[in-house]
Amino acid sequence: MAELKEENPVENVDNNTNENVEVEEESNEEESSKPKVVDPTLEGLQFFYESNKKMINYVGGSILLVVGLFVYYKFFYMPEKEKAAANEIFWAQNFFEKDSFNVALKGGYMVRTSEGDKAMMGFEAIADEYSMTSVGALANYCAGVCCLRTGQYERAIEFLQKYDGNDMMVSAIAIGCIGDANMELNRTDEALKYYLKAAEKNSNDFTTPVYLKKAAFTYELKNNYAEALNIYERIKKEHSRSNEAREIEKYIAKVKALGNL
């Protein structure tokens with residue numbers, strides 16, 4: 001009887017162990033057969049990605065390509081273009097400063113460079129070849145001034161209207177030069193419009209009174225002495241330290257007399 005009591009517990013342990021193993025196997029099979037639970041916040045995104053995988057990969061690749069091209073253009077291509085344009089415009093500016101406007105505009109003069117002798121480019125060619133650079137924008141302005149100084153007024157207007165640089169002073173002068181070209185072409189209304197625009201472009205004691213005075217003179221040509229007087233008095237009041245203000249009383253007296261004001 002004692003031996004039987006010792007054997008029975010052993011049999012019970014074995015049975016319990018087998019039952020536990022079978023239960024674990026069944027639970028594992030059930031878990032593997034169940035579908036994986038997806039976070040509800042990601043389920044829509046996952047479904048969208050799976051449904052549009054090719055399109056998303058294509059768009060993503062395109063974006064990376066565009067970003068790569070932008071980086072190359074911004075940090076490699078354009079700096080090289082700016083450097084090349086600056087080297088070219090150096091010679092044209094030298095002739096511009098010497099009032100050799102035709103050479104500065106057209107180029108062709110032989111100059112000596114580190115790479116040997118070569119025909120220099122003029123503002124006209126630089127503005128065309130390097131149009132996307134800041135130097136190209138400046139070349140448009142310089143070409144316009146060259147044309148203005150050599151009597152090519154229509155071409156001067158074309159070049160000056162293309163100037164899109166960020167220099168506020170040069171921008172004002174470029175607009176004023178368009179006024180000068182129109183004045184030479186006897187288009188006084190157009191000239192007046194650009195003189196007033198140039199005066200308002202960048203208020204200062206250098207360019208503003210210059211173009212205000214030109215606008216006042218244009219009003220005189222149109223026999224509008226009241227408007228001319230208003231502008232002369234504006235120069236006196238707002239730009240008293242400018243060169244134009246030194247003799248402004250003389251112009252004020254003149255238009256008052258002419259217009260019986």
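Residues of segment 162-178 that are closer than 24 Å to T188 by Cα and part of a helix (DSSP H, G or I): K162, M169, V170, S171, A172, I173, A174, I175, G176, C177, I178. Filter segment 113-130 down to residues that are in a loop (DSSP other than H, G, I, E, B) and touching a strand residue (DSSP E or B) at 6+ places or on another chain (Cβ under 8 Å), then give me how many there are. Result for segment 113-130: 1.
Here segment 108-133 is the region considered, the condition is being small (G, A, S) and surrounded by fewer than 20 Cβ atoms within 10 Å (Cβ to Cβ), and the residue that is modelled with the highest pLDDT is A125. Within segment 88-108, no residue that is not assigned by TED's automatic domain parsing to the domain that holds C147 sits with its Cβ atom under 7 Å from a residue that is assigned to a strand (DSSP E or B) and crowded, with 21+ Cβ neighbours inside 10 Å at 6+ positions apart or across chains. When restricted to residues that are part of a helix (DSSP H, G or I) and within 19 Å of Q93 (Cβ to Cβ), segment 145-161 contains 8. Name the single residue, out of those in segment 230-260 being in contact with a helix residue (DSSP H, G or I) (Cβ under 6 Å, 6 or more places away or on another chain) and either acidic (D, E) or not in a helix (DSSP H, G or I) (or both), that is farthest from D205 (Cα to Cα). Checked segment 230-260; the qualifying residue farthest from D205 (Cα to Cα) is G259. Pairs meeting the criteria (first residue in segment 112-137 and more than 14 Å from K83 (Cβ to Cβ), second residue of a type in the set (K, R) and part of a helix (DSSP H, G or I), beta carbons under 7 Å, at least 6 apart or on different chains) are G122/K106; E124/K106.
The values are calculated or read from the model by the stated rules, or taken from the named source; none is laboratory data. Small disclaimer: the values here were computed from a predicted structure and weren't measured. Positions of Cβ are generated from backbone atoms using ideal geometry, with glycine treated the same way; all protein chains shown enter the neighbour counts.
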